[in-house]
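Student: Dropping the structure in here first, questions after.
The values are calculated or read from the model by the stated rules, or taken from the named source; none is laboratory data. Quick caveat, the model's predicted, so the values are computed rather than measured. Ideal geometry is used to build each Cβ from the backbone, glycine not excepted, and the neighbour counts take in all protein chains shown.
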Amino acid sequence: MTPSSPTLPAPLAALEAQLAACIARHSAGRGSCDLPTAIDGLSFFRRESPTPPSVCLVEPSAIFVVQGEKRMWLGGKAYPYNPGHLLITSLDIPASSEVVSASAERPCLGLVIRLDLRTMAELIAHGSLPPPRMPATEHCMGLGAVSADLLEPCRRLLALLDEPASIAVLAPLVLREIHYRLLVSEQAAHVRQTASAGSQSHRIARAIDWIKANFSLPLSIDELAGRAQMSSSTLHHHFRQLTGMSPLQYQKWMRLNEARRLMLSERLDAASSAFRVGYESPSQFSREYSRLFGAPPRRDIEQLRHGPGTATENLMG
């Protein structure tokens, strides 16, 4: 179901406006950008025009649009989010992010809060959380309605940016409250999946961590399944169910995006980049690169350097 741009209750609209004003102030003059902050786990984004889908790697996070509208694509399914809806992701997943509504006068503004699995596990282990109101989802991405209970600690977190001496003491407390609010929200079952030791999502997360750290090495599905304490068929089924791709496709995505970064940032040529990320055949690398990015390596990198393009977004929604 596609959420429409909501007419928010006055208290909620006021909180959204305060968040938007803070993000606009911190990102003023930067154009379209992704902006880390002095608070670990908190970042902003600003987009001044609509954009087509561009590839990105999304961490486990809660992503809020407080002005404008965005859409995330995963496995052919669209997840639109706006000031009335937040996006929750529970695994490191390759996806495509699209800006639907934005302009220079009224940019698309939002914040990303990286989910801390240790904090969530501690809160779950405490044992005082109510049971989830909705059953667990079979996907690692979901939408939820925003609430004043969730936005109010977000407002206090952003306010700490103007009180830098207090960040080290107060930010972890406010972030813990935000995690708690997520764990008692309508997305509670979704958020719990990866944090719950022994769950299928938790095991898939371990498999993903290994692929991310070793993507240039040959991938054995049997060995990966052993690391995740699953059978090969169960690993393959749940990996695709949660991420929209197979483990080998995930590894390929990681390799191609790292090769793109090497060519763009370190100015390696295509062949050197291909070998660096684990390809043995430059021609195979070029074919697979073209399928993912829509152009051969050299042309794609020239477009990114010299003209408007769809550069990879880094860990943002």
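Student: For the range 149-169, how many residues are surrounded by fewer than 14 Cβ atoms within 10 Å (Cβ to Cβ) and assigned to a helix (DSSP H, G or I)?
Tutor: Residues flagged as surrounded by fewer than 14 Cβ atoms within 10 Å (Cβ to Cβ) and assigned to a helix (DSSP H, G or I) within the range 149-169 amount to 7.
Student: Pairs, please: C-beta under 7 Å, at least 6 apart or cross-chain, first residue under 23 Å from ILE208 (Cα atoms) and among the β-branched types (Val, Ile, Thr) and in the range 74-93, second modelled with pLDDT under 95 and assigned to a loop (DSSP other than H, G, I, E, B)?
Tutor: ILE88/GLN187; THR89/PRO60; THR89/CYS140; ILE93/CYS140
Student: Among the residues of the range 28-38, are any in contact with a strand residue (DSSP E or B) (Cβ under 8 Å, 6 or more places away or on another chain), modelled with pLDDT of 95 or more and part of a loop (DSSP other than H, G, I, E, B)?
Tutor: Yes; the residues of the range 28-38 include at least one that is in contact with a strand residue (DSSP E or B) (Cβ under 8 Å, 6 or more places away or on another chain), modelled with pLDDT of 95 or more and part of a loop (DSSP other than H, G, I, E, B).
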